[in-house]
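S.K.: For reference, the structure I am asking about is given below.
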Amino acid sequence: MNMSIKSLAIAAAISLTGVAPMTAQSANEPLILINPFVVPAGSEDDAIAMWTQARDFLQTQPGYISTKLHRSLSPDATFGLINVAEWESMEAFKAATAAMRQSGSIPRIEGVNGDPQLYRVIAE
C-alpha cells in the first residue's frame, strides 16, 4: 500500500487521538451551529414561533446555508428544542446575528434560553 507522508501523518494522528486533524479542506467546510433551548412548560409554541421568525430573518443573510429545529421526544429533556444550522463562516454568522439583534424584530420569551455555539466537524 502506497501512502504519502501526509496520509501517514493523518493516520498517525487518528490512531493516537481518535480524531482526524483539521485539513485545508475541512477549514473551508461550513460551520455547524448547535443551539439547545431550555423551554419552560407551556412555552413551546411561543419558542417555535420565535425560532421561525429568527429563521426567516437569518435565511436572508449572507453566509446562511440551512437550519433545522429538533424537538425532544422526552418530556424530561433538559433541552426541549435544539436548532442545528449551517453557516459559511464564523464572520457571516456573527454579522447575521448582530443584524438580527439590531433589527429588534425577534421577541424574547420569558424562560426560553439558548446557548448558540459554532462547531466544525472533525470526524465521521
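The values are calculated or read from the model by the stated rules, or taken from the named source; none is laboratory data. If you're wondering where the values come from, they're calculated on a predicted model, not measured in any experiment. Note that we place each Cβ from the backbone using ideal geometry, even for glycine, and neighbour counts take in every protein chain shown.
S.K.: Looking at (1) aliphatic (A, V, I, L, M); (2) assigned to a loop (DSSP other than H, G, I, E, B); (3) in contact with a Phe, Trp or Tyr (Cβ under 9 Å, 6 or more places away or on another chain), which is the only condition Ile82 fails?
M.R.: (2) is the only condition that Ile82 fails.
S.K.: Just checking, does the stretch 91-104 include any residue being in contact (Cβ under 8 Å) with a residue 12 or more places away in the chain, farther than 12 Å from Ile32 by Cα and assigned to a loop (DSSP other than H, G, I, E, B)?
M.R.: Among the residues of the stretch 91-104, not one is in contact (Cβ under 8 Å) with a residue 12 or more places away in the chain, farther than 12 Å from Ile32 by Cα and assigned to a loop (DSSP other than H, G, I, E, B), which makes the answer no.
S.K.: Determine, yes or no, whether Glu110 is of a type in the set (Asp, Glu) and at pLDDT below 95.
M.R.: Values: of a type in the set (Asp, Glu): yes; at pLDDT below 95: yes.
Judged against the criteria, Glu110 is a match.
S.K.: Here's something else I'd like to know. Of all residues in the stretch 46-71, which are surrounded by 15 or more Cβ atoms within 10 Å (Cβ to Cβ) and part of a loop (DSSP other than H, G, I, E, B)?
M.R.: Across the stretch 46-71, the qualifying residues are Gln61, Gly63.
S.K.: Between a first residue in the stretch 36-52 that is closer than 10 Å to Gly114 by Cα and a second residue that is in a strand (DSSP E or B), which pairs have beta carbons less than 6 Å apart while being 6 or more apart in sequence or on different chains?
M.R.: Pro36/Ile82; Phe37/Leu81; Phe37/Gly114; Val38/Asn113; Val39/Leu81
S.K.: Could you count how many residues in the stretch 72-103 are closer than 20 Å to Ile48 by Cα, over 15 Å from the mean Cα position of the chain (by Cα) and either buried (at least 17 other Cβ atoms within 10 Å of the Cβ) or not small (Gly, Ala, Ser) (or both)?
M.R.: So the count comes out to 7.
S.K.: Counting only residues that are at pLDDT 95 or above, within 16 Å of the chain's Cα centre (by Cα) and not β-branched (Val, Ile, Thr), how many does the stretch 11-53 have?
M.R.: 6
S.K.: Would you be able to say whether some residue in the stretch 62-76 is in contact with a Ser or Thr (Cβ under 9 Å, 6 or more places away or on another chain) and more than 16 Å from Ile109 (Cβ to Cβ)? Give the derivation first.
M.R.: So the first thing to find is which residues in the stretch 62-76 are in contact with a Ser or Thr (Cβ under 9 Å, 6 or more places away or on another chain), and the list is 63, 69, 72.
Now narrow it down to the ones that are more than 16 Å from Ile109 (Cβ to Cβ): 63, 72.
Yes, there is a match, as at least one residue in the stretch 62-76 is in contact with a Ser or Thr (Cβ under 9 Å, 6 or more places away or on another chain) and more than 16 Å from Ile109 (Cβ to Cβ).
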